[in-house]
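Notes for the one structure printed next.
Read-outs throughout are calculated quantities, based only on the coordinates presented, and are distinct from any laboratory measurement. Note that the coordinates shown come from a computational prediction; the quantities given were computed from them, not determined experimentally. Don't worry about glycine lacking a Cβ; one is built from the backbone with ideal geometry, like all the others, and counts go over all protein chains shown.
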Amino acid sequence: MADDRDDRYGTDGDDGEQDPARRRFAALRGCERTLSASRPMTLRERLADLATAAETAYDLDERPDVYGNGVVEALERRVAGLLGTEAAAFFPTGTMAQQVALRCWADRTGDRTVAMHPQAHPEVHERFAYSQLSGLRSVWPTQERRMATAEEVAGFAEPFGTLMLELPLREAGFLLPGWDELTATVAAARARDAVVHLDGARLWETVPHFGRPLPEIVELADSVYVSFYKSLGGLSGAALAGPAEFTAQAKTWRHRYGGQLFEQWPAALSALAGLERELPRLESYVAHAKVVAAALAEGFAPLPGARVFPEPPHTHQFQLWLPLPAEALNEAGTLLAEQTRQSLFGMWREPGLPGISCTEVTVAASALEWSAQDVRAGVSAFLERVAGR
């Protein structure tokens with residue numbers, strides 16, 4: 001789903017040599033080592049990468065798709081097979097997929113109230129589209145920094161027709177419940193005759209934490225949304241998976257919402273390539289994230305108030321909090337890239353108190369070559385470049 005912020009380069013300003021976003025992009029492109037996320041690419045590099053990756057993902061001698069056939073249908077079948085559902089529907093954006101899912105369940109249950117978390121994606125990053133476009137309303141069984149418990153769902157005072165669970169809960173720190181907690185919460189919703197929808201934008205990487213295969217996780221819910229560009233490195237796009245009748249209805253609303261595009265083969269090809277290339281690697285990313293998180297915690301230990309959260313991480317992503325201004329930290333990151341050709345973090349922001357900054361760390365392929373000692377050394381070099389320390 002398209003988030004309101006871009007954690008890679010910052011925001012473009014006026015054209016010119018001193019433009020911070022252009023300067024940062026150039027510095028990161030020049031890096032030989034990248035700890036969080038991946039080295040940014042130009043359009044030419046992105047096209048070349050797609051052409052190479054797609055060679056083994058799909059027959060490139062086939063004709064392009066037209067209004068959702070061909071490679072798009074192949075992707076839908078692949079996703080349904082991976083998730084163990086009857087069918088899947090491709091969407092150009094996760095926001096659209098999510099809105100359609102919630103709307104379809106509201107029509108089917110006759111209840112336009114959706115229980116979700118106040119930090120869930122529809123509340124934070126979608127400009128309340130569920131209410132503005134579909135006339136839905138949300139309720140919050142909990143406001144704690146975690147998924148709602150079975151007791152909170154069972155005892156919630158207001159009725160609701162759909163329970164939406166974001167797995168992992170990104171804004172809270174990419175948090176996941178335990179397997180028993182998840183199944184109990186789902187059972188509590190079922191006892192209230194509510195349907196369960198999973199916001200699984202990052203569901204792919206939850207398998208190590210739950211210790212269950214994807215179909216077993218997805219089987220808990222009535223429908224699930226997954227993203228192709230977050231953990232899989234696709235260009236864009238998402239899928240909504242579930243019963244065949246439900247996905248057929250979802251495709252009808254996809255058309256009504258403007259999602260029936262003439263050709264979508266670049267996004268579909270990149271999604272298939274991501275499923276082939278990145279999906280098998282996610283378990284190694286999740287394992288190494290624990291090494292990186294522990295090394296970051298040790299490296300920043302002398303700095304009072306520094307914190308890795310959660311520790312250990314539940315997936316291959318986690319938050320790092322520092323008691324320093326975001327502007328100084330972003331400048332330090334750019335200097336580090338320019339002077340040492342290595343990059344540690346994406347963009348920093350101050351989501352709460354001024355001077356308390358947070359960044360999201362994503363451990364992917366480029367991070368696997370970083371040992372704990374490398375990470376600690378990188379932290380020292382980074383702190384040396386923070387102004388005012």
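How would region 350-389 be classified by its alpha-carbon gyration tensor: rounded, prolate or oblate, with rounded meaning a/c under 1.5 and the a/b versus b/c comparison settling the rest? The shape class here is oblate.
Taking every DSSP bridge with both residues inside region 155-256, close to 35 percent are antiparallel.
For the chain, the residue among Thr183, Ala267, Gln342 whose Cα projects farthest onto the positive side of the dipole built from Cβ charges is Gln342.
Explain nothing, just the number: relative contact order of region 116-180, from Cα pairs under 8 Å at least 6 residues apart, as a whole percent.
Working: 59 pairs, mean separation 23.5, N = 65.
This gives 36 percent for region 116-180.
Scanning residues 5 or more positions from Thr362 or on other chains, those with amide H under 5 Å from its amide H are Ala37, with H placed 1.01 Å from N in the peptide plane. For the chain, with the dipole built from +1 on Lys and Arg beta-carbon atoms and -1 on Asp and Glu ones, taken about the Cα centre, which of Gln132, His197, Phe174 lies farthest toward the positive end? In the chain, that residue is Phe174.
Projecting the Cα atoms of Gln143, Ala244, Pro215 onto the charge dipole of region 142-258 (Cβ charges, centred on the Cα centre) puts Ala244 farthest toward the positive pole.
In the chain, the DSSP-assigned H stretches of four residues or longer account for a calculated mean residue ellipticity at 222 nm of -12500 deg cm²/dmol, using -39500 (n - 2.57) per stretch and the full residue count as denominator.
Given a Förster radius of 35 Å and the C-beta distance between Glu73 and Lys290 as r, what FRET efficiency does 1/(1 + (r/R0)^6) yield to the nearest 0.05? After rounding, the FRET efficiency stands at 0.35.
Rounded, prolate or oblate: which fits region 130-282, taking a ≥ b ≥ c as square roots of the Cα gyration tensor eigenvalues, rounded meaning a/c under 1.5, else prolate when a/b beats b/c? Cα axes put region 130-282 in the oblate bin. Over the Cα atoms of region 222-356, each weighted equally, I'd like the Debye log10 I(q)/I(0) at q = 0.12, 0.13, 0.19, 0.20 Å⁻¹, rounded to two decimals. Once normalised to I(0) and log-transformed, intensities are -0.73, -0.81, -1.14, -1.19.
Out of the GluC sites (Glu not before Pro) in region 65-117, which ones are loop residues according to DSSP with at most 14 other C-beta atoms within 10 Å? The qualifying sites are Glu86. The alpha-carbon atoms of region 51-113, seen along their principal axes, cover 47, 23, 18 angstrom, with the largest extent given first. When its C-alpha radius of gyration is set against 2.2 N^0.38 Å (N residues), the chain gives a value of 1.00.
In this label model, Val66 and Asp107 are separated by 2.7 nm, measuring between points 7 Å along each Cα→Cβ vector. Rounded to the nearest 20 debye, the dipole size of the chain about its Cα centre is 300 debye, using +1 on the Cβ of Lys and Arg and -1 on the Cβ of Asp and Glu.
In terms of its alpha-carbon gyration tensor, region 97-187 comes out oblate; a/c meets the 1.5 threshold, while b/c is at least as large as a/b. Quick check: the angle from helix 179-191's long axis to the longest principal axis of the chain, C-alpha only, nearest 10 degrees? The angle comes out at about 30 degrees. Relative contact order for the chain: 22 percent, from Cα pairs under 8 Å spaced at least 6 residues apart, divided by residue count.
Between Leu368 and Ala51, residue separation times 0.36 nm minus the direct Cα-Cα distance comes to 111.7 nm. In order along region 120-134, the Karplus-derived 3J(HN,Hα) couplings, from 6.51 cos²θ - 1.76 cosθ + 1.60 at θ = phi - 60°, round to 5, 4, x, 7, 9, 10, 10, 6, 6, 4, 4, 8, 6, 9, 10 Hz, and Gly and Pro are given as x.
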